[in-house]
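Structure record follows, encoded as C-alpha cells.
What follows draws every value from the coordinates through simple rules; no lab data is involved. Bear in mind the structure is a predicted one, so any value in this text is a computation, not a measurement. Note: ideal-geometry Cβ built from the backbone for every residue, glycine included; neighbour counts use all protein chains shown.
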Number of protein chains: 4
Amino acid sequence: MAPAKKGILERLDAGEVVIGDGGFVFALEKRGYVKAGPWTPEAAVEHPEAVRQLHREFLRSGSNVMQTFTFYASDDKLENRGNKLSFTGAQINEAACDLAREVANEGDALVAGGVCQTPSYLSCKSETEVKAILKKQLDVFVKKDVDFLIAEYFEHVEEAVWAVEVLKETGKPVAACLCIGPDGDMHGVSPGECAVRLVKAGAQIVGINCHFDPTTCVKAVKMLKEGVEKAGLKAHYMVQPLAYHTPDCSCQGFIDLPEFPFGLEPRILSRWDMHAYAREAYNTGIRFIGGCCGFEPYHIRAVAEELAPERGFLPEASEKHGNWGAGLEMHTKPWVRARARRDYWENLKPASGRPLCPSMSSPDGWGVTKGHSDLMQQTEATSKDQLKQLFDRSKSQ
Amino acid sequence: MAPAKKGILERLDAGEVVIGDGGFVFALEKRGYVKAGPWTPEAAVEHPEAVRQLHREFLRSGSNVMQTFTFYASDDKLENRGNKLSFTGAQINEAACDLAREVANEGDALVAGGVCQTPSYLSCKSETEVKAILKKQLDVFVKKDVDFLIAEYFEHVEEAVWAVEVLKETGKPVAACLCIGPDGDMHGVSPGECAVRLVKAGAQIVGINCHFDPTTCVKAVKMLKEGVEKAGLKAHYMVQPLAYHTPDCSCQGFIDLPEFPFGLEPRILSRWDMHAYAREAYNTGIRFIGGCCGFEPYHIRAVAEELAPERGFLPEASEKHGNWGAGLEMHTKPWVRARARRDYWENLKPASGRPLCPSMSSPDGWGVTKGHSDLMQQTEATSKDQLKQLFDRSKSQ
Amino acid sequence: MAPAKKGILERLDAGEVVIGDGGFVFALEKRGYVKAGPWTPEAAVEHPEAVRQLHREFLRSGSNVMQTFTFYASDDKLENRGNKLSFTGAQINEAACDLAREVANEGDALVAGGVCQTPSYLSCKSETEVKAILKKQLDVFVKKDVDFLIAEYFEHVEEAVWAVEVLKETGKPVAACLCIGPDGDMHGVSPGECAVRLVKAGAQIVGINCHFDPTTCVKAVKMLKEGVEKAGLKAHYMVQPLAYHTPDCSCQGFIDLPEFPFGLEPRILSRWDMHAYAREAYNTGIRFIGGCCGFEPYHIRAVAEELAPERGFLPEASEKHGNWGAGLEMHTKPWVRARARRDYWENLKPASGRPLCPSMSSPDGWGVTKGHSDLMQQTEATSKDQLKQLFDRSKSQ
Amino acid sequence: MAPAKKGILERLDAGEVVIGDGGFVFALEKRGYVKAGPWTPEAAVEHPEAVRQLHREFLRSGSNVMQTFTFYASDDKLENRGNKLSFTGAQINEAACDLAREVANEGDALVAGGVCQTPSYLSCKSETEVKAILKKQLDVFVKKDVDFLIAEYFEHVEEAVWAVEVLKETGKPVAACLCIGPDGDMHGVSPGECAVRLVKAGAQIVGINCHFDPTTCVKAVKMLKEGVEKAGLKAHYMVQPLAYHTPDCSCQGFIDLPEFPFGLEPRILSRWDMHAYAREAYNTGIRFIGGCCGFEPYHIRAVAEELAPERGFLPEASEKHGNWGAGLEMHTKPWVRARARRDYWENLKPASGRPLCPSMSSPDGWGVTKGHSDLMQQTEATSKDQLKQLFDRSKSQ
C-alpha cells in the first residue's frame, strides 16, 4: 500500500473531489463474466484477469475508489435462486479484495469494501439474522484491511441503518447509499428523513446509487443534504447514478422500466451527458462522484475531465481523448473535423435511429416490497408455473 | 498453434458458420486505450493486457477469428495528422499479431491479418505507392504467419482491388470487405460490380464491413452475391456491420451522421437486434458473420446464440447468459421474472429516455471523396484556421 | 327561445352532464376568419355565416352551451396592438350574442356570455378601470339576455375575482375559469386557494380552461375541488382544456411551448384521447365538460359519445359516426375493416410521421407577468426594434 | 357565371398557377357531416350549408377550383356496404354541382366535376359495366355544365384510362389523377408508363392525388412528367396530396398505416410544411397545386401565400394572416412576439407531446388488389364473422 495515501475522510474534509468507479455487474455482463438475473460476482475467482482489467480501466479513467467486486456476495444471495456455485462467499469476497487492492496500488486510489441489501431482509428475516449475514462479508473486509466501507443499494432505510450499525463496529469510515429517488424509500420515508437516520446511525458519507439517472439522483442527494442540514447534522455526500436516462421511472427506478435489463441501450448516456452530470453534482455540493450500472470507463473519464479544473489534473486515459472532441481535428473527413468543438457536442440532440420506438415507456408498477410473498427467498429458480402466474399478472396490470 | 485447426476456406467450403469478432477501435476507445480522431492501434504495444483481454472476451463469446489489431497501422496513417508515436508501424503490427495468436491458441480461432484503406490513396498517390504502403504491413503478417488476410474498410473498389492484388502474393486466403451500402462505392460503382472486380482480383471471400447497420450491410452483401452469381463466379460472403442503427444514413454511412463518433449511444443495438441480424445474414447465405464498430462481446455472443442450432454448440460466455432472458427467472423482483421469455424481448420497442431528441438525423452530405483537397494527407493536426473554414462550410450546408 | 329549456344551474344541480363547445379563435383561424396574434372576434360581424356554421357544428356534436364569440372583445383589447377595426366592441358583442342565440334555439343549448382577462390588468390599471372595461361587455350580455355568464382565461385570480364581482351584479349564474395548471396562478396562488376565492366572490361554477391538455386541466380542477371542499364550500365544476398534448409545459401553459401557435399540429388530440378525457373528467366529479383551443366538432362529439351512457342519448352528429370505429365495417379495404373495434383504437400509439422531430420541447420560460414592462399595453404593433430586442433576449434564455 | 373567366387549359397554357382545394370527405367528417367508412357525400343534399361553407373557405384561401363534392357518389358505391340512403346518386351529384357553382361565382374559381374509382372495377366488372357507372355521374356534370372534369383517386391505371375515355366524350378538358406513389399502380405499372397511357387516352392534365404526403406525391408527379417527356408527349401536371406526413407508407399509401383513419392527428402538416410543399411542387414544374384528405383552408392559404410572388396577389383570407408569423407582433406575451419571423418557423422541429408514441409505424401490407375476394362488392356491412376472420388475419401478418 502506498504509505502516503490520504484516507477518504481526509480527502473529503479537505474539500477534494473524489471520483468513484462504475458498476461492475453490468459492465462485466456485457463482457461475458456476470449472469443477468442472479447478478453474482463469482468472476472475482473464476476470471480475475477480467475483473482486474476493469478496475484498471476505471483507475486510468480517474477513479479514486476501487470498490470491491462483492455486490450480492452475501451467502444468502449466493445460495438464492438456482445459483449453484463452487465457491463460498468468503472466497469470492477475499479474491475481490485482493484484486481491488492490487490495482489501487497502481495509482492514487482507495479500496472500499461494499455490502448491499440482502434477500433475507426482503424475506422478513429479523434484524439479528440480517446483521449476521452482513457481518460475514465484513469479516473479510476487516481481514483484508480495506480503506473504508460502503453500504449501498438499499431500498429500505431500515435495513441500511442496520448495515451502518454493523459497519461502524469495524472503526472504518462508513458511506451509506440508498437506491431511492425523490419519492423516498419503499416504505415511503422521505429522502431527508432517510439521510438523518443514516447519519445518526454513524454514516460519515451519505448518498444515492443506482436505480435512477444522474439528474434524478443528484436531485435526491440534494434532498438528503437539505434533510441533514435542517436537522443540524453534518455529513459528506456521494452519488453513483445509472448511466441510463430514466425520465419515465416510477419510485422503484429502472427495474420497473420494460427495457430492464436487456433493452437499455438507447438510454445510455453519452460522455457529454456525463459532463453535465459532473458539473451539476459538484454544484449541488457533492464531492464523492461516481457511477453505477451502465457506466463504462469513458463515462468516468468524462466526469474526471469535467472536474479537471477543480482537481488540477487530467486522468491518465485522457492521453487518449481530446478535450470536448478535440481529437477529431485529426480525423480524415473534413466534416468530422468540423465537429471538433465544444458547442457542437453540448448542443447535439442525438437521434436513436429507432423510428418505430417511443422516447419514453410506461413503467411496470407492482408496488411489491419487503415482506410480499413474491419477494420471498427461494433456493430454486422460479418454476414454469410461477412464471406463468407472473406473466398473467403482468398482462392484467 | 493447435495443429488440427481447420483453415478459413476449409470451414466455409464445408458450410460451417464462422463468427467474426467486433471492432477494436471503438471498444478500446471506450476503455481508454484508443484516441478517437486518429484511431490508431498503438495500444498493442502500449497496453497489451487491454488488447489481449478484448480478444479473449470475443473468443469466449464465440468468435472464430482473431483479427489483428492493426487498423490504420500503415506508416502513412501513423505519421498522419499530428500523431507523434514512439513506435514504428512494424512494431505495432508485430505486437498485434502476437496478441491475436496468443488468444487464438486458447480456443478454436484463426488469426486474420488486416489491412485497410490508406491516406495515400485518398491523397491520389499512385498504385505503386499505395501498394508499397500495404506491402509493408503485409511483410509482418507473413513473418508472423497469420492464418489468412482481410482487406477491409475500403470506400473505393479501385484501392480494394489493389489491396487484394498485394495480398494474393502471399499465397494466403484473402477476404475483401468494402465499407459501402446499397448505393455502391464512392465513385458510384454498384455493389454487384464491386464484388465481381474483387473476386476476379483473387479474393475468395467478399463482403461488407463498418459504416452501416446490420440491415443495410446484409442488404448490400446480398447485392454483392447477386453480382457474383450473375457473372458466373463463385465466392464466400462475409459481413461485419456496425452495432449502431443507421436508417438515416446517406452513402457514406455513419461518418456523416451528426452523432458520429461521440453521440452514438442511443443507436446501439441490443442483443435482440443481434439475433435478428444473425438470422437474416444466415438466411442471405452469408457464413462469415461478425461485427465492426460498436460491437461489444455480448453482441457477438448473441450472434453465436442465435446460430447455436446450426453450429451445434453455445459459446463459453453463454455460461453467464440465459437463453432469451432465461436468467431473469432468478431475479429478485417478480415483474422482472415475468420478462424471462422470448416473445417479451422480441417484441419490445425500447424507449430512448430522451424525449427532447428525434429518432432520426439529417446526415451531413459533403460529397467529398478521393482527390478532394480537404482529404489531402497532412502530418499536422488541422489548424484553427482550417477548422474555422470547415465550421463555416458546415453551417452553410 | 324554447320556453322549457332548463337553466345551467338546474341542470348541474340535477346531476346532468353539460357539454361545452370548443374554442372559436383557433378553429376560425384555421378556417380563415381570425388573425393569430390579435386573436379578436370581429368575424361575428364580418362573416356571420362562418361563425354560425361553427356554432351549429358544435350543437350537432352535442354541445349544450353556445358560448358567445366574444373572446378578447373588450374595447381595450380591440384597440390594442395595431388592430384597426371598423367595428365597436358593442357591435361585435351584439352580433356574437345574436348568432349564439340563433343556433342555441335550434337545439337544447344555452347561451353563455363570455368575458376574459384584459390587457388593462396586465398593464396594471386599477380595479375600477378593469371592472369598467368588463362592465361594457356585460351591458351587451344583459341587453341580449344571455342565459348565464362565463369569466374565463384568467391567469391571475385577483382579476378573475374582480370579473366575478362585476358579473354577479347581473343576477345571472356565473361560471369562472382560470387558465392555470397544478402550479397555481401567475402570482403563485394555489389552485385550491384560487377556487375558494372565486366561490366566495359568488361564482357558482368554477373550473379551468385553455393553456393545458385535458390530463393537466382535470388534475387542476381536482385541486380546485379539494380546495373548495376543504373550505366547507360548495360549487359546480367545469373544465375546457386544449385539444393539444402538453406534457412538457411549464406554469404558463402552451403559450410557452416553441410550437405555439403555428406548429401545434403534432400535438392534436385524437377522438380516442377525448374519450379518455371525458371519462376522467366525469370520474373526477366534473359535470360541465367542454373544450378550448384546438377542439374541432368531432372532439366534442367524442366527449358526447363517451358520456352517452350517462346522458342516455347520442348527439345528432353521431349519425355520421360509428361507435369506436364501427363505421369502418363498411370500408373497402379488408385490413381497414379489421380496425372496426374498440381495443384497436384504445391501444393505438399513433406515430407522428416526423422522425426528425422530438416528442417533447423545452418551454420558453420568461417568468414575465402582470406589471412587467414587456406586457404593457400599446396601440401599435411591436416595432422592428422591439422585436429585435425580444429576439436577442430569447436567444440568451 | 362570370363571363370573362378563363378556362383551366387557358390558365395552364399561359403558365399561371392554379390552386386546387382540399379534400372534402375528411374535412366534413371532422365537422360531423360525412361518415368514415362509407365516405359518401350525401351531405350535399342533407346539409348544403355545411358544404357551401367549406367551399367558401377554400375560395377565400385562394382556391381556383371548386371541385364538386361527389367523391364515391357513383350508384354502385352508394348502394355498397350497408349505406341506406334516401337520395339517388343523381340527386347528390346535382346538388353538389349547384353548391360548387354558387361559390365559384363568388370569386375567380372554376367548377370541376369529379369521378373516382368504382367498387365495380375492384369486383372485376367488365369495362362496359364500369364505364356505364361512370357515365351516369357524367350525365349530371354535362347537364350542370361544369367547367372541366377530374378523374381522380384511381389505384389502377387501367380503370383510370377507361374513365378518361368516358370523360373525353363530353368535349370538356380532362384531368386524371392516380393515387399512387413512386412504386407505381397496384398492378406494378410505373408512374411514367401510367402517365403515358393517360395522356394517350386524352387527358390534358395528369397528376397524383391522395394516399401520400406532399414530398412523395411531388416525387411521383416528377416521374409522371419524365415519362411523358421521354415519350415525346405533352401535358400539364397537377398534384393534390394528403396533409399528413407519410414517410413510412408502403405502396398503398396511408390506408395501410395503422393510424388510418382515426389516429392521423400527429401527422398533420403545419402551414410551414405547406410552404415547402408549394415551392417544391412549383419547382418541379407542376402548375395545378392543391390538396386532398387532411387539408384545411389554412393549408391552402399557405400554398397561396408561398406562391404569391409568382401569382402577384394574396388570397382574401390572408387579411387574417400575417406573412410568416407576422401577426404575432401583436401578441400579448413578449416571448411569442419574438416568434414573429420566418427563420423561427422554418427551422422549428415541432414536438408531438406524445413521448409514449413512436415517430413511424409499420404499415399493414396485405397485398390485396383488384379481383381479390376480400374486395368484392357487397351491399351489407361486413358481418361479425367476416370481421373476426379479418382480425385473425391481421394478427398473423
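Which values of log₁₀ I(q)/I(0), to two decimal places, follow from the Debye formula for the stretch D:281-340 at q = 0.13 Å⁻¹ with a uniform point scatterer at every Cα?
-0.44
Determine, for C:TYR121, A:TYR237, the number of other Cβ atoms within 10 Å of each Cβ, and report the residues in order from fewest to most. Walk me through the intermediate numbers first.
Working: C:TYR121 27, A:TYR237 24.
Ranking C:TYR121, A:TYR237 by Cβ neighbours within 10 Å, fewest first, gives A:TYR237, C:TYR121.
Residue by residue through B:270-276, how many Cβ atoms from other chains fall within 10 Å of the Cβ on average?
2
Run the label-point distances for D:MET376 please: 7 Å along Cα to Cβ, every other copy, nanometres, shortest first.
Spacings between copies for this position, smallest first, are 6.0, 7.5, 7.9 nm.
So if the hydrodynamic radius of the stretch C:1-158 is defined as the Kirkwood radius over C-alpha pairs, what does Stokes-Einstein give as its diffusion coefficient at 25 °C and 0.890 mPa s, in µm² per second?
153
Once the label point is set 7 Å along the Cα-to-beta-carbon vector, what list of distances in nm do you get between B:ALA4 and its counterparts in the other copies?
Ordered by increasing distance: 5.7, 9.9, 10.0 nm.
Using the beta-carbon distance between A:SER383 and A:LEU314 and R0 = 51 Å, what value does 1/(1 + (r/R0)^6) give for FRET efficiency, to the nearest 0.05?
For R0 = 51 Å, the calculated efficiency reads 0.45.
How high is the FRET efficiency between A:ALA90 and B:ASN283 when r is their beta carbon distance and R₀ equals 51 Å, given to the nearest 0.05?
0.55
Given all pairs of different Cα atoms, what value in angstroms does the Kirkwood hydrodynamic radius of the stretch C:99-213 take?
Answer for the stretch C:99-213: a Kirkwood hydrodynamic radius of 14.4 Å.
Provide the FRET efficiency to the nearest 0.05 for the D:LYS234-B:ASP183 pair, computing r from the beta carbons and using R0 = 30 Å.
Step by step, r from the Cβ atoms, then E = 0.35.
Classify chain D from the C-alpha gyration tensor, please: rounded if a/c falls under 1.5, else prolate or oblate depending on whether a/b exceeds b/c. Before the final figure, lay out the partial values.
Values: a/c = 1.42, a/b = 1.18, b/c = 1.20.
It is rounded, given that a/c, with a ≥ b ≥ c, falls under 1.5.
So which aspartates and glutamates can C:LYS225 reach, going by Cα to Cα under 12 Å and dropping same-chain residues fewer than 8 places off?
Cα-Cα hits under 12 Å: C:GLU193.
What's the minimum Cβ distance from chain D to the axis relating it to A, in whole Å, and which residue gives it?
Taking Cβ atoms only, the nearest residue and its distance are D:PRO358, 3.
How many nanometers, to one decimal and shortest first, lie between the label point of D:ASP183 and those of its other copies, if labels sit 7 Å from Cα toward Cβ?
Between copies, matching label points for D:ASP183 lie 2.2, 4.4, 4.7 nm apart.
Which of rounded, prolate, oblate describes the stretch A:220-332, given a ≥ b ≥ c as roots of the alpha-carbon gyration tensor eigenvalues and a/c under 1.5 marking rounded, otherwise prolate only if a/b is larger than b/c?
oblate
Determine, for A:ASP147, C:ASP145, the number of other Cβ atoms within 10 Å of each Cβ, and report the residues in order from fewest to most.
Working: A:ASP147 22, C:ASP145 12.
Ordered by Cβ neighbours within 10 Å, fewest first: C:ASP145, A:ASP147.
Which of C:GLY353, C:THR246, C:GLY20 sits closest to the plus end of the dipole of the stretch C:8-396, meaning its Cα is farthest towards the positive end, when Lys and Arg get +1 and Asp and Glu get -1 on the C-beta?
Result: C:GLY353.
Work out the length of the dipole vector of the stretch B:1-135 about its Cα centre, built from +1 on the beta-carbon of each Lys and Arg and -1 on the beta-carbon of each Asp and Glu, and round it to the nearest 20 debye.
About 240 debye.
Could you please report the charge total around A:PRO266, scoring K, R as +1 and D, E as -1 over all other residues with beta-carbon less than 9 angstrom from its beta-carbon?
Within the 9 Å Cβ shell, the charges total +1.
Divide the volume of the convex hull of the Cα atoms of the protein assembly as shown by its number of residues and quote the answer in cubic angstrom per residue. Don't jump to the answer; show the numbers that get you there.
Numbers: hull volume 304.7 nm³, N = 1588.
Hull volume normalised by residue count: 192 Å³.
With N denoting the number of residues in the stretch C:312-385, provide Rg(C-alpha) divided by 2.2 N^0.38 Å, to two decimal places.
Numbers: Rg = 23.7 Å, N = 74, 2.2 N^0.38 = 11.3 Å.
Compactness ratio reported: 2.10.
Taking 7 Å along the Cα-to-C-beta vector as the label spot, tell me the C:ASP343-D:GLU346 distance in nanometres, rounded to one decimal.
5.0
Quick one: order C:LYS77, A:LYS168, A:LYS388 by neighbouring beta-carbon count within 10 Å, fewest to most.
Ascending number of Cβ neighbours within 10 Å: A:LYS388, A:LYS168, C:LYS77.
Can you give me the convex hull volume of the Cα atoms of the stretch D:8-96, divided per residue and expressed in Å³?
Normalising the Cα hull of the stretch D:8-96 by residue number yields 103 Å³.
Between C:VAL142 and B:VAL142, what is the label-to-label distance in nm when each label sits 7 Å out along the Cα-to-Cβ direction?
10.8
Rounded to the nearest 5, what % of DSSP beta bridges with both residues in chain C are antiparallel?
Antiparallel: roughly 5 percent of the beta bridges in chain C.
Amide H of A:TYR244: which non-local residues (sequence gap of 5 or more, or other chain) have their own amide H closer than 5 Å, using H built in the peptide plane?
Long-range HN contacts for A:TYR244: A:LEU269.
Which of the listed residues, D:ALA160, D:VAL65, D:VAL206, is farthest toward the dipole's positive end in chain D, when Lys, Arg count +1 and Asp, Glu count -1 at the beta-carbon?
In chain D, that residue is D:VAL65.
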